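Asker: What follows is a structure written as C-alpha cells; I'll ask about it next.
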Amino acid sequence: MTSPLDALLHWSKDLGHLEGADSLAALAQRGGQSNWDARWAHAVAKQTIVLALGGGEKGRPDLELVIIQALAAGIANFAESIQTENASDVQPLLEELVADLEASTPHLFLRLCRSSPSPSFSGTEPGSVSSQTRRALEMLCTWILTMLFRASGSLEPTLLCEWMGGDLLWALVLAKGILNIETPGDLLPLPRELPALQREVLNCVLQLPTPSVAFWDETPDGAIPLEQRNAELVQHRDGLAEAVLACGIQPSLVTATANFMHEDPDLLLHLVGFLASLHHPAPHLQVKDVEAYGITHAKMSAALAMSLQDCNLKLWCLLANGMALFPALLRLLRPAADLAFFCPPPRQVLASFTSATLAVSTAPRVLAALCVIAANASAEPHETPLEAALAQFPEAELNDVAKQWHSWRGPVSRRPSSTAWTRLFGEEEPSPMAPPNSSPAEDISPPPGLAALLQNAPEEFRCALDGRLMMDPVQTPQGHVFERATLAQALYRSGNRCPSSGEALELEETWRLPELRGQILAWVRSQPRRLPRAELQS
C-alpha cells in the first residue's frame, strides 16, 4: 500500500493545467525529498483545498474524481503528520484547515448526500455519481475525521459539533462517509485506527439528540425557564431530523450498530433513542400523537419512516437479538415502544422480538411495554406470544400489567387492533396527555449550514426534478434544467423520457452549464455558515 504522499504525487499529475496544480506538485515533491513536518503537510493540504475550489469554479466536473482524490490525500498526509507529542502544536493549523474545508463542503459533500445507491439505481448508469466518486468522498470524510481524532485524542459529540460549527448536516455527512467505507482504494490507505474511530463516530452521532449536545455552545448565565429550554431542545431535534433526512444516514447507522453492538451493547440503546427522538422530540411533553407537533413535523416524520423502510426489518431483528444484552430491559423498551408507533416492527419479527424479551423478563412493566409495541404494530393479542404469557399471570399481577398499560406515557396507536388490547385490560384507554400549547416545528428556522443551503437556495439554482441545490446543472433541448445525476436516474427509470415534457431524451443530448454552476458556487460562498446561538434566537 502506498503512502498518502505517494498517492498525492500520483494524482497531482492528472490535474492538467488547473490553476494551482503546479504549486501542489512542487510542494508534494519537496516533501518527498526531505524530512517533512506538520507545517509542510498543512501547506500541502491547504493547496489541495485551493485546487478543489478552483477546479469547481472552472466548471471542470470531468476532473471532479481526481480533485476529490487529491484532496483526500492532502488531508490524509496532514493527519499522518500528527503525533502525540505535537498534537497541541498542530491545533492552530487544524483550525485553519477546518475553516478552509468549510468553503468546499457544499459542492463536495452534498454530492455524498446524493450518492446513496438504491435497488432500482445501481450508481453505474451514465451521468450518475459513480461508485468511484462516492468511494473518494467516503475516503475524504474518513481522513477528515481521522485528522480531528488524532489532534484531539478522542471524539466527543460536543467536540464534533464545535469543529463543525454546529452544522449538523455537515457532521452527519462526514459520519456517513466513514461509516460506509469498507476496503482501501487503489492508492490511498485507510487509517490504521479505522474500526475504533468508526465506533467513536457512531457513538457521537447517536448522542446528537441529547441536551448536552443541543446546548453545546452555551455557558451558564442564570436560570432559563424550563418551557424555553424544552422548546429549544425540540427545535434542535427537529433540525437534526431534517439533516438526517437530507443525507440519508439511517441505514448506515443501523448497519454500523449491528457491527459494533456486541462490543458495546449501549450502542443499540442509543440507536433506538436516536431514531425515536427524530419522530417524537418531546417525550417530556407526553405528546400522544405526532400530529400534535404540527403538519410540518408530521410530514417529516412520515418521510423519515419511509427512508428507514428498507432496513426496518434489520433494525427490529437487532433488537430481538439484543434483548439478552440488557439486564434493565425498560431502558431499551421505552424508546422502542415510541419508535414502534412510527416505524412498527414487521410481523415476521414481532413474535421473535416478543419471545426474546419474555425469555429475559416477565415483569409487569416489561409486559406492558411489549403490549404497547404490539398495539403500535397493529397486532392483536392472539397474534403474539403475549396472550399466552398473560393467561399464566395471577389476577393481581395481571392487574398490575393493566395499570402500567393505562398509565403508559408514550404514543399508542388508535388503530382497531389497539381496541383489542384495551378490551383485554379493561375499557379505560391509556391516559390521554395534553399536547403542547404550541407547535415548535412550525416556528423553526434552519440553522446556517448545509441544511439551510438546501432549503433556502433560489429557485433558479434548484433542480427542476427534486428541488435540491444543483452541483452539476445540465439543460435539455426543451430548456429544462436538472442536476445531471438526478436526471440520469430519472431517464434510467423512465426508459429515456424527459421527466418534465415526457418526450424522448438521451443524457448525451443535454449540455452542462458551467456559468450557472459558477453562479451557484458564488451564492453558496456568500451565505453565512456560523452564527452564535444568541443571534439565531433573535
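The values are calculated or read from the model by the stated rules, or taken from the named source; none is laboratory data. All values derive from a computational prediction rather than experimental measurement. We place every Cβ from the backbone using ideal geometry, glycine too, and count neighbours over all the protein chains shown. These area figures cover heavy atoms from the full protein model, side chains too; ligands, DNA and RNA do not enter into them. Shrake-Rupley method; radii C 1.70, N 1.55, O 1.52, S 1.80 Å.
Asker: Heavy atoms only, 1.4 Å probe, whole protein assembly: order 84, 48 by accessible area, highest first. Write out the running numbers ahead of the final one.
Answerer: Values: 84 130, 48 5 Å².
Of 84, 48, the descending order of accessible area is 84, 48.
Asker: Another question about this same structure. What ranking do 395-407, 242-254, 258-270 get when scored by the average of other Cβ atoms within 10 Å per residue, highest first?
Answerer: Per-residue Cβ counts within 10 Å, averaged per peptide and sorted highest first, yield 242-254, 258-270, 395-407.
Asker: Using heavy-atom solvent-accessible surface (probe 1.4 Å) with all chains present, what is the largest-first order of 352, 277?
Answerer: In descending accessible area the options line up as 352, 277.
Asker: Once you have a ≥ b ≥ c as the square roots of the Cα gyration tensor eigenvalues for the range 295-377, tell me rounded if a/c is under 1.5, and otherwise prolate or oblate according to whether a/b is larger than b/c.
Answerer: prolate
Asker: Give the residue list of GluC sites (Glu not before Pro) in the range 153-211 that are DSSP loop and have at most 13 other beta-carbon atoms within 10 angstrom.
Answerer: In loop regions of the range 153-211 (DSSP not H, G, I, E or B), the sparsely surrounded GluC sites (Glu not before Pro) are 182, 193.
Asker: Now for a separate question. Put +1 on the Cβ of each Lys and Arg and -1 on the Cβ of each Asp and Glu in the range 188-244; which of 196, 209, 244 then has its Cα farthest toward the positive end of the dipole?
Answerer: With unit charges placed on the Cβ atoms, the residue in question is 196.
Asker: Follow-up. Using a 1.4 angstrom probe and counting only protein chains, how large is the accessible area of residue 217 in Å², to 10?
Answerer: Counting only protein heavy atoms, the figure is 60 Å².
Asker: Shifting gears a bit: In whole Hz and in residue order, list the ³J(HN,Hα) couplings for the range 246-262 that follow from phi through the Karplus curve 6.51 cos²θ - 1.76 cosθ + 1.60, θ = phi - 60°; x for Gly and Pro.
Answerer: Working through the residues one at a time gives 5, 9, x, 8, 4, x, 5, 5, 5, 5, 5, 5, 4, 6, 10, 5, 6 Hz.
Asker: Given a Förster distance of 30 angstrom, what is the FRET efficiency for residue 307 paired with residue 503, based on the Cβ-Cβ distance and rounded to 0.05?
Answerer: Efficiency, from the Cβ-Cβ distance: 0.45.
Asker: Roughly how much of residue 293 is accessible, in Å² to the nearest 10, using a 1.4 Å probe?
Answerer: Surface accessible to solvent at residue 293 totals approximately 0 Å².
Asker: Give me the accessible area of residue 523, 1.4 Å probe, in Å² rounded to the nearest 10.
Answerer: 40 Å²
Asker: Oh, and also: Can you give me the C-alpha center-to-center distance between the range 326-360 and the range 258-282, rounded to a whole angstrom?
Answerer: When both Cα centres are located, 13 Å separates them.
Asker: What part of the accessible area of the range 260-366, given as a whole %, is carbon or sulfur when the probe is 1.4 angstrom?
Answerer: Of the solvent-accessible surface of the range 260-366, carbon and sulfur hold 58 percent.
Asker: Provide the gained length on full extension for the span residue 399 to residue 331, in nm with one decimal, where the gain is 0.36 nm per separating residue minus the Cα-Cα distance. Present the calculation step by step, with values, prior to reporting the outcome.
Answerer: Numbers: separation 68, 0.36 × 68 = 24.48 nm, distance 2.26 nm.
Extra length available between residue 399 and residue 331 comes to 22.2 nm.
Asker: Sort 210, 419 from largest to smallest accessible area, using a 1.4 Å probe on the heavy atoms of the protein chains.
Answerer: Ranked list, largest accessible area first: 419, 210.
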